[in-house]
Amino acid sequence: MFGCPRSLAFGDRGNDILREFFMSYKRISMLVVIALLASCTAFAAPTKGVQVVADEANRRVDITIDGQPFTSYIWPATLKKPVLYPLITDEGVTVTRGYPLAPRPGERVDHPHHAGLWFNYENVNGFDFWNNSDAIKPDNRARMGTILHTKILSTKSGRNRGELVVESVWVTGANQQILTQTTRYIFTRQPHARVIDLDITLKALGRVVFKDEKDGLLGLRVANWLESPTEKGGVFMDASGRSTKVDAAPPDAVNPATGVYLTSEGVKGDAVWSTRGRWCTLTGHTGSHTVAIAIVDHPGNPGYPTTWHARGYGLFAANPLGPSIFNPRLPPLNLTLEKDQTTTFRYRVILFSHAVTAKEMNREADAFAGEAK
């Protein structure tokens with residue numbers, strides 16, 4: 001018989017202790033394996049819901065939905081205002097132009113101040129915030145204005161909704177702060193759509209006048225396939241007499257221009273520019289994807305319903321502050337804020353992964369108008 005010599009045997013009590021030791025070891029080992037598997041699974045799985053994640057070291061806040069990119073709030077040193085860039089649909093289609101941040105082959109490189117989705121204006125106390133960029137010649141920089149990001153006030157993530165609140169300041173070319181801006185972005189998802197609500201409050205640090213001008217207020221520069229196929233090009237002037245040449249729509253057999261504007265008043269295509277309405281859509285297609293971008297005005301905004309500064313070359317903007325420029329028969333608005341006075345602008349931007357009807361858009365506009373702040 002084989003066995004331990006009696007002098008080396010553990011005895012009944014010793015055998016029990018030994019068995020318990022090995023059982024405990026096996027349980028601990030199993031728990032370690034389970035923990036490691038769980039951590040690996042959590043690492044590999046995409047983060048669910050609408051995530052708003054700040055990365056101040058890289059001057060950005062990233063917004064994702066179920067781990068897929070939606071947009072980023074960025075304030076790079078190369079831009080003269082914070083912007084949302086890029087804008088991406090739920091099908092992964094980027095609707096914003098790449099230039100000047102990430103140029104793509106074959107796209108237009110005019111208007112270097114058109115980047116992503118932004119909010120600013122051409123004439124505030126005589127300073128041009130809209131047209132400012134690194135391309136401005138040194139002799140003209142004193143006439144320009146810059147919007148500086150100052151702080152992130154809060155971020156919230158959630159299953160179907162995320163929120164970002166930021167603060168910025170409007171600084172003239174004379175290095176004078178004239179406005180503070182508090183912006184609340186709400187990012188939500190709908191079936192086959194992604195939505196951005198902007199709630200923007202401006203507070204005057206002294207008397208501030210927004211003189212009626214063409215270039216303002218909420219702007220978006222779209223990808224080349226969302227440009228108008230009937231764009232004839234031309235030379236466009238700003239309020240200071242600076243000209244920008246824009247070419248006609250280029251032939252592009254791979255990704256041609258397909259964009260068509262439509263407003264709440266039934267105005268379509270290139271005729272939309274300088275008309276007013278409570279909403280405007282821009283619809284186009286690329287490959288097998290059809291996309292509609294909608295901007296919805298809010299009845300509480302100054303100058304409602306807004307004038308559409310919508311160009312065939314890819315600028316899609318809502319400007320409620322220049323009525324007399326777009327229609328000489330209208331009196332100037334010249335929106336004025338006295339010191340410590342505030343005004344608020346609210347807009348909804350929707351990225352649909354399909355074409356939308358006027359009936360659908362009227363429902364969207366009604367819902368936005370009825371929402372509590």
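Regarding LEU117, is this residue farther than 19 Å from PHE210 by Cα and in contact (Cβ under 8 Å) with a residue 12 or more places away in the chain?
The answer is yes for LEU117.
Kindly evaluate ILE136 against the criterion of being modelled with pLDDT of 95 or more and in contact with a Ser or Thr (Cβ under 6 Å, 6 or more places away or on another chain).
Spelling it out, it is not the case that ILE136 is modelled with pLDDT of 95 or more and in contact with a Ser or Thr (Cβ under 6 Å, 6 or more places away or on another chain).
Yes or no: ALA174 over 22 Å from ASN58 (Cβ atoms), outside any loop (DSSP other than H, G, I, E, B), touching a residue at least 24 places away in the same chain (Cβ under 8 Å) and out of contact with any Leu (no Cβ under 9 Å at 6 or more places or on another chain)?
no
Looking for something part of a helix (DSSP H, G or I), assigned by TED's automatic domain parsing to the domain that holds SER274 and surrounded by fewer than 17 Cβ atoms within 10 Å (Cβ to Cβ) - is there at least one such residue anywhere in segment 309-332?
Yes; the residues of segment 309-332 include at least one that is part of a helix (DSSP H, G or I), assigned by TED's automatic domain parsing to the domain that holds SER274 and surrounded by fewer than 17 Cβ atoms within 10 Å (Cβ to Cβ).
Would you say THR343 is more than 24 Å from VAL195 (Cα to Cα) and hydroxyl-bearing (Ser, Thr, Tyr)?
Working: more than 24 Å from VAL195 (Cα to Cα): no; hydroxyl-bearing (Ser, Thr, Tyr): yes.
Here the answer is no, as THR343 does not meet what is asked.
Please give the number of the condition GLU265 fails out of (1) part of a helix (DSSP H, G or I); (2) among the acidic types (Asp, Glu); (3) farther than 19 Å from VAL222 by Cα.
(1)
Read through the list (1) surrounded by fewer than 19 Cβ atoms within 10 Å (Cβ to Cβ); (2) assigned to a loop (DSSP other than H, G, I, E, B); (3) among the charged types (D, E, K, R), then give the number of the only condition that GLU167 fails.
(2)
Please work out if THR281 is assigned by TED's automatic domain parsing to the domain that holds ALA257, within 22 Å of the chain's Cα centre (by Cα), surrounded by fewer than 17 Cβ atoms within 10 Å (Cβ to Cβ) and part of a strand (DSSP E or B).
On the way: assigned by TED's automatic domain parsing to the domain that holds ALA257: yes; within 22 Å of the chain's Cα centre (by Cα): yes; surrounded by fewer than 17 Cβ atoms within 10 Å (Cβ to Cβ): no; part of a strand (DSSP E or B): yes.
No; evaluated as a whole, the condition is false for this residue.
Search segment 158-191 for residues being out of contact with any His (no Cβ under 9 Å at 6 or more places or on another chain) and of a type in the set (Gly, Ala, Ser), and hand back the single one that is farthest from LEU351 (Cα to Cα).
From segment 158-191, those out of contact with any His (no Cβ under 9 Å at 6 or more places or on another chain) are 158-165, 170-191; that's our starting set.
Subset that is of a type in the set (Gly, Ala, Ser): 158, 162, 173-174.
Working: GLY158: 19, GLY162: 16, GLY173: 35, ALA174: 38 Å.
Result: ALA174.
Output the residue which, of all residues in segment 122-154 that are in a loop (DSSP other than H, G, I, E, B) and among the aromatic types (Phe, Trp, Tyr), is farthest from THR180 (Cα to Cα).
Out of the qualifying residues, it is TRP130.
The values are calculated or read from the model by the stated rules, or taken from the named source; none is laboratory data. The shown structure was predicted, so the numbers you read here are calculated from the model rather than taken from an experiment. Every residue, glycine as well, gets a Cβ built from its backbone with ideal geometry; the counts of neighbours run over all protein chains shown.
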